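Below: the structure, in structure tokens.
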Amino acid sequence: MQRILILVAVLLLSAACAAAPQPEIHVIPRPVSVVPGDGTFRIGRGCKIGYDDPSLQSVAALCAGYLADAGVRKPVVTDKPVHKGIDLQLDGTFPDEEYTLSATPKGVLICGGSPRAVLYGVQTLRQMIGGGRVPVAEVRDKPFFGYRGAMFDVARYFYPVEDVKRFIDIMALHKLNTFHWHLTDDQGWRIEIKRYPELTRVGSVRKETLIGHYKTSDEYDGTPYGGYYTQDEIREVVAYAAERCIDVIPEIELPGHSMAALASYPWLGCTQGPYEVRTTWFYSSDVLCAGRETTFEFLENVLSEVLELFPSKYIHVGGDECPKVRWEKCPDCQRRMRQEGLKDENALQSYFVCRIEEWLHAHGREMIGWDELLEGGVTPSTIVMSWRGTEGGIKAAKSGNRVIMSPRFYFYLDYYQTSDPEKNGERLAIGRNVPIRKLYGYDPFDRLDEAQARNILGVQANLWTEYIATMDHAEYMLLPRLAAMSEVAWAPEGRDYDDFVRRLGTLRGLYDRAGYRYADFVFRGIE
Ligand code: TNX
């Protein structure tokens, strides 16, 4: 009798399960394919996460943390296959970043060509979990672009290590793989360099900060502001990012945007100072002197320490917005131009940057610079980051240079998010606006034929912080626009905005659980 009762109960229960509608699977960035099946896998208390290769240990640990965040009690990691739980496996036949995820009522199997691919599968799993269950499905996935970046400007405002880690976590959730860390600028030098202690003693502090917008205000707060990372902290961040399969590219700005360095060591400038760390935004006419050898010695010494800290293949040297007025009057710069047969100051800028590039090559690294570098000419090996628009990037890609597209009218997350910021209650921003729809619609292949398009390494969103002083505010500017950018980077073909917005609802739930701030304009239909 008892047996019959149990049987009836089981039958009733399975009928109820069959009738329950299969939850829709919403993942951002959109996977290559998702084939839903019937039923769900319930991730219960003590759910096991197994891995089959020691290189997956930290991915498994991250997975356990994510499950705990999603409400799973006490997930357990083991270095053996578990079958009735979550299995993580390496599959050497897969390309580096490709993975599959198959969820059955018994468990989830994630296979990837590398630990980073498996981690992408785990990030997808995070978005599939709802109410402690994973819907049965087969997911196949790989990214379109190999470079999927986000830049964080910690020079204008300083963000402590904990904030930077949060930024990296947010990147990992969106399957981005390159963190561009903007560490030096006119308003602050943020990285400890042992050989030049003044860079942080003097250069990391400005005596006060502008209140309001630099175009309309001349009011200052009268309060010193500063901060920097010790080399140990830098190492900590690089290791944290590496665990999340994210490369960190440091940016050391030259020859412009260098007031913090000039204030620390006035002999770096054409007029020899005195200089002070800039207290307002925009940039300064004073730049590194291109005539004196001491400038290059300084930069090589700084970069030597930087290379020790950052294992990344690429190093970013800025190169943007470098006024030439000091060079025009500087006898050392003019002598350099005569000696080197350089026709103008743009050519001098190229000379400057190419020298640094040569040095980086000699040390096994490659150089990225902003698109202004094109004005005086670049070498074929320079990687151009196109920010002033898409023109620079298109021109560079056509002439065979590798390019990262970061055009400001699409990917500048410091711009307003709606067309009527005041009415919509947006906080003060630098200007213009990039609503999420605009960002989502960016075409990275614009005006390029197939061969030229192959020079586009990828895309990047930039968070400049002139008007963003706290992590709360940074997250509000970043999310959910970063989600749109991640889809341009991961799955640029066949995008559909309405479908994206539908899927964004699920990601929003995850933002809420993780405690990430975000702007909700898109959810209220405001553009
Ligand atoms: C231009 S993008 C800059 C930054 C500013 C940004 C503000 C770039 C290479 N230079 O220094 O922070 O505009 O949107």
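Every number in this text was worked out from the coordinates using simple rules, so none of it is lab data. Owing to the predicted nature of the structure, the values given are computational and were not obtained by experimental measurement. Here Cβ is always computed from backbone atoms with ideal geometry, including for glycine, and neighbour counts include all displayed protein chains.
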Compute the Rg to Rh ratio over segment 465-517 from the alpha carbon atoms, using the Kirkwood formula for Rh, and round to two decimal places. 1.04
Expected output is a single nm value to one decimal: the length gained when fully extending between Asp320 and Gln272, i.e. 0.36 nm times separation in residues minus the C-alpha distance. What is it? 15.1 nm
Cα convex hull of the chain, projected area averaged across orientations, nm²: 27.0
Using 0.36 nm per residue of separation minus the Cα-Cα distance, give me the extension gain between Asp446 and Thr379 in nm, one decimal. 21.8 nm
To check you understand DSSP bridge types, tell me what percent of the beta bridges within the chain (both residues inside) are antiparallel, rounded to 5. 35
On alpha carbon coordinates alone, what is the Rg over Rh value for segment 21-141, Rh being the Kirkwood radius? 0.93
Distance violations [Cα-Cα > 26 Å] among Lys313/Lys395; Lys215/Lys324; Lys215/Lys423; Lys175/Lys313; Lys80/Lys106; Lys194/Lys324: Lys194/Lys324
Ranked by how many other beta carbons lie within 10 Å on average, peptides 366-374, 273-281 from highest: 366-374, 273-281
What do you get for the angle between helix 161-173 and the principal long axis of the chain? Use alpha-carbon atoms, 0 to 90 degrees, nearest ten. 50
Expected sort for 329-340, 282-293, 471-482 on mean C-beta neighbours within 10 Å, highest first, is 471-482, 282-293, 329-340
Amide H to amide H, which residues 5 or more places from Arg148 or on other chains are under 5 Å from it, using H placed in the peptide plane? Asn177, Thr178
Cα lying deepest toward the dipole's positive end in the chain, options Thr124, Gly256, Gly377, charges on Cβ: Thr124
Can you tell me the 0 to 90 degree angle between the C-alpha axis of helix 2-19 and the longest principal axis of the chain, rounded to 10? 40
Contour minus Cα-Cα span, Asp232 to Asp52, at 0.36 nm per residue, comes to 61.6 nm
Taking Cα atoms, how many degrees apart are the long axis of helix 231-243 and the longest axis of the chain, rounded to 10 and kept between 0 and 90? 40
Please work out the C-alpha center-to-center distance from segment 447-514 to segment 152-166 and express it in whole Å. 19
Applying the gyration tensor rule to the Cα atoms of segment 320-391 (axes a ≥ b ≥ c; rounded if a/c under 1.5, else prolate if a/b exceeds b/c, else oblate), the class is oblate
Which order, highest average first, do 212-219, 321-328, 507-514 follow once you tally other Cβ atoms within 10 Å for each residue and take the mean per peptide? 321-328, 507-514, 212-219
